[in-house]
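The values are calculated or read from the model by the stated rules, or taken from the named source; none is laboratory data. Bear in mind the structure is a predicted one, so any value in this text is a computation, not a measurement. Here the Cβ positions follow ideal geometry from the backbone for every residue, glycine too, while neighbour counts run over all protein chains shown. Accessible surface is based on the protein model in full, side chains and every heavy atom, while ligands, DNA and RNA are left aside. Shrake-Rupley method; radii C 1.70, N 1.55, O 1.52, S 1.80 Å.
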Amino acid sequence: MMRPQTTRLAVDPEAKLTALGASIQAIDAEYEQKRAQLESEVARAKELQRQLANLNRLVDDAADRLSRGESQAQQCKAAAEQVREAMLTSWGTGHADGTTDRPPSYAALVELDAGVADWPRVRLSLQQKLATAQANLSNFSKENQL
């Protein structure tokens, strides 16, 4: 009985090494491309975090200024009332320098009343700054799908 003849494919070792080298180069190129893409995405994410933190800080600062302003306005109003009450006992008395013919000074009361009167305008400005900061944060979040 005769055996069927099998043909052996002769593989050229040089060709095999060349193909393997090309395959490794392709894998390395794909790896470098993906690494560069990831580094770019990480850099973008870091920049977005920095911008988001800055916008959040601006919102917090604007809210703090409005809150402090509200407190200062209340203090100003209370101080004006205290000065008015003190004025009731200041008329007709002498001054520390011994003079009695000068009326009491209303300079502090004028300043306090001016502050109380100007507070609505200042409040509006601070509220607008807070609204702008909040809108900027909201727009940034929407634009960057955060």
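Treating only the Cβ of Lys, Arg, Asp and Glu as charged (+1, +1, -1, -1), what charge dipole size does the chain show about its Cα centre? Round to the nearest 20 debye.
Dipole of the chain, to the nearest 20 debye: 700 debye.
Test of understanding: in a Gaussian network model of the chain with alpha carbons linked when under 10 Å, which of Glu81, Glu32, Glu41 would top the mean-square fluctuation ranking?
Top of the fluctuation ranking is Glu32.
Any chance you could run the full-extension gain for Arg65 through Ala29? It's 0.36 nm times the residue separation minus the Cα-Cα distance, nm to one decimal.
Working: separation 36, 0.36 × 36 = 12.96 nm, distance 5.38 nm.
Net length gain for the segment: 7.6 nm.
Roughly what angle does helix 107-143 make with the longest principal axis of the chain, taking Cα atoms, 0 to 90 degrees, to the nearest 10?
Approximately 10 degrees, to the nearest 10.
Ignoring everything but the protein chains, give the 1.4 Å probe accessible area of Thr132 in square angstrom, nearest 10.
Its heavy atoms expose roughly 80 Å² to the probe.
Can you tell me which lysines have their Cα less than 24 Å from the Cα of Lys77? Leave out same-chain residues fewer than eight positions away.
Partners found: Lys129.
Projected onto the charge dipole of the chain (+1 at Lys/Arg Cβ, -1 at Asp/Glu Cβ, origin at the Cα centre), which of Tyr106, Thr93, Cys76 gives the Cα projection farthest towards the positive end?
Positive-end residue among those listed: Cys76.
Give me the extension gain from Asp101 to Ser40: residue separation times 0.36 nm, minus the current Cα-Cα distance, reported in nm with one decimal.
Using 0.36 nm per residue and subtracting the Cα-Cα distance, I get 14.0 nm.
Simple spin-label model, 7 Å along Cα-to-Cβ: Arg50 to Ala86 in nm?
5.1 nm
How high is the FRET efficiency between Ala135 and Gln75 when r is their beta carbon distance and R₀ equals 22 Å, given to the nearest 0.05? Before the final figure, lay out the partial values.
On the way: r = 30 Å, r/R0 = 1.37.
In this case the efficiency is close to 0.15.
Counting just the Cα atoms, what span does the range 1-136 cover along each of its three principal axes? Round to the nearest Å and put the largest first.
145, 29, 22
Expressed as an acute angle from 0 to 90° and rounded to the nearest 10, what is the orientation of the C-alpha long axis of helix 13-90 relative to the principal long axis of the chain?
10 degrees
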